[in-house]
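Before I ask anything, let me first share the structure, which is written out below as structure tokens.
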Amino acid sequence: MEKPLTKHIKPDGSQLNLKNFVQDGGYEPVRKVLKGMSPAEVIDVVVASNLLGRGGGGFSAGKKWSFVTTDKEREPSRYLICNADEMEPGTFKDRMLMEENPHQLIAGMIISSYAIQADKSYIFLRWAYKKSETVLRKAIAEAYEAGFLGKNILGSGYDLELYLHTSAGRYICGEETGLINSLEGKRATPRDKPPFPAISGLFGKPTVVNNVETLSCVPHIIENGADWFRSISLTGEGGTKLYGVSGRVKNPGIWELPLGATMREIIEQHAGGMMDGYKFRGALPGGASTDFIIEEHMDIPLDFASLVPVGSRLGTGTLIILDDKTCPVAFLHNLEKFFAKESCGWCTPCREGLPWVEKILESIENGTGKEKDIETLKFHTWYCGPGHTFCAHAPGAMEPLQSGLKYFHDDFMQHINEKHCPWRS
């Protein structure tokens, strides 16, 4: 089983330094691109590889790059931004990549920046990732000193400046235009689209925003080719995936597996199965803003296409497990409390609807809910759903709720009828 993203990561979790990364050939894809490939050729390879965005959106990375104008005279400035503001609850894959192999990300950013002819790039980092910040600052300095960043990289005539920006830490910065506003020093609210960032993004210039894991895949695609990248997945979607598991399993963690691995394999083989005395009830497959999947979905490939027919999404590929001794109402209340707090307040359904949902769930959990509250919650899954809000924050918040109402309806009714939470002693 090939594991390009983690093959050089040390067992003790320590940082892979520049010397070891160079010895492993980590910067050779950069040399290959700058010495012998045009930007259009790089984009064509990445499009052919079927690299889909690993931040949750699942859009073709190469196609996103292709939307940036090639007219350098008309638009001489353009930017690449790495979204490292990993605030999706239950998600921790990007942190591992940044802290344990930072030069892999830097190499990916150099190649990606060259592909869109950006001369400036940014890593937009979550403020709480203090170790990531320390490791990245050291790695960036090493890359500058070795000539992989700055002016005339490797004598190619290509210039690139790379900046590390630590964010204020708001969930809404996961939305790319909210991130761009924050990077400009403005309130982190989403922008109206169109125009899309590839046309008018950071400082009004063409901009591409990609996730840490997405950019980390790029050097391996250049090194081994598009056909190879597609071949190492289990489906037509290319590459491997960092799958994570949190919850009451015996071995919570993160593993690089072929894209399309099943939930059964991930939980039973890699996470060691459920802890003794606990049974599986359901899981959010891609972080907190995805719909529940349950035991009947254990053998469905966890990729971008296969989860859609069962009403969920791959998202970030990090499973949050619900067990039989955890109250699903309390589970959902905790999530919706987070989403309500993190609303940017820009549109009414999100600003007013999410706190209302959170209060209803709190009353049901505390035994004061009424049966009509179920219909009110169902209404909100529509009212705060796709097409009714300015961005995807509220629709994402409704995904676990709408599926929770479907799969755990009896638990909600038990709270209402018995006027207390059955899981409380």
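The values are calculated or read from the model by the stated rules, or taken from the named source; none is laboratory data. Not measured: the values here are computed from a predicted model. Virtual Cβ from ideal backbone geometry, glycine too; neighbours counted across all protein chains shown.
In the list F412, F390, which residue meets the criterion of being touching a Cys at 6+ places or on another chain (Cβ under 6 Å), outside the structural domain of M87 (by TED's automatic domain parsing) and on the phi < 0 side of the Ramachandran plot?
F390
Just give me the residues in the range 110-134 being farther than 26 Å from A61 by Cα and touching a helix residue (DSSP H, G or I) at 6+ places or on another chain (Cβ under 7 Å), in sequence order.
Of the range 110-134, the ones farther than 26 Å from A61 by Cα are 128, 130-131, 134.
K131 - this is the single residue of the range 110-134 that is farther than 26 Å from A61 by Cα and touching a helix residue (DSSP H, G or I) at 6+ places or on another chain (Cβ under 7 Å).
Looking only at residues that are out of contact with any helix residue (DSSP H, G or I) (no Cβ under 7 Å at 6 or more places or on another chain) and surrounded by fewer than 21 Cβ atoms within 10 Å (Cβ to Cβ) in the range 329-355, which one is farthest from M398 (Cα to Cα)?
W346
Does the range 244-289 hold any residues that are in a helix (DSSP H, G or I) and of a type in the set (D, E), and which are they?
Within the range 244-289, E265, E268 meet the criteria.
Pairs under 8 Å by beta carbon, first residue closer than 9 Å to E100 by Cα in the range 10-23, partner loosely packed, with under 15 Cβ neighbours inside 10 Å, six or more apart or different chains?
Pairs that qualify, where the first residue is closer than 9 Å to E100 by Cα and the partner is loosely packed, with under 15 Cβ neighbours inside 10 Å, are Q15/K138; L16/K10.
So, of the residues in the range 228-272 that are among the hydroxyl-bearing types (S, T, Y) and buried (at least 23 other Cβ atoms within 10 Å of the Cβ), which turns out to be farthest from T316 (Cα to Cα)?
The extreme case among them is T240.
Does at least one position in the range 188-197 carry a residue that is over 20 Å from K64 (Cβ atoms) and touching a helix residue (DSSP H, G or I) at 6+ places or on another chain (Cβ under 9 Å)?
yes
Check K370, K359, K325 and return the single one that is in a helix (DSSP H, G or I) and either over 25 Å from the mean Cα position of the chain (by Cα) or outside the structural domain of G178 (by TED's automatic domain parsing) (or both).
K359 is the lone residue from the list that is in a helix (DSSP H, G or I) and either over 25 Å from the mean Cα position of the chain (by Cα) or outside the structural domain of G178 (by TED's automatic domain parsing) (or both).
Moving on to the next point. Within the range 240-282, how many residues turn out to be out of contact with any helix residue (DSSP H, G or I) (no Cβ under 9 Å at 6 or more places or on another chain) and of a type in the set (F, W, Y)?
Residues flagged as out of contact with any helix residue (DSSP H, G or I) (no Cβ under 9 Å at 6 or more places or on another chain) and of a type in the set (F, W, Y) within the range 240-282 amount to 1.
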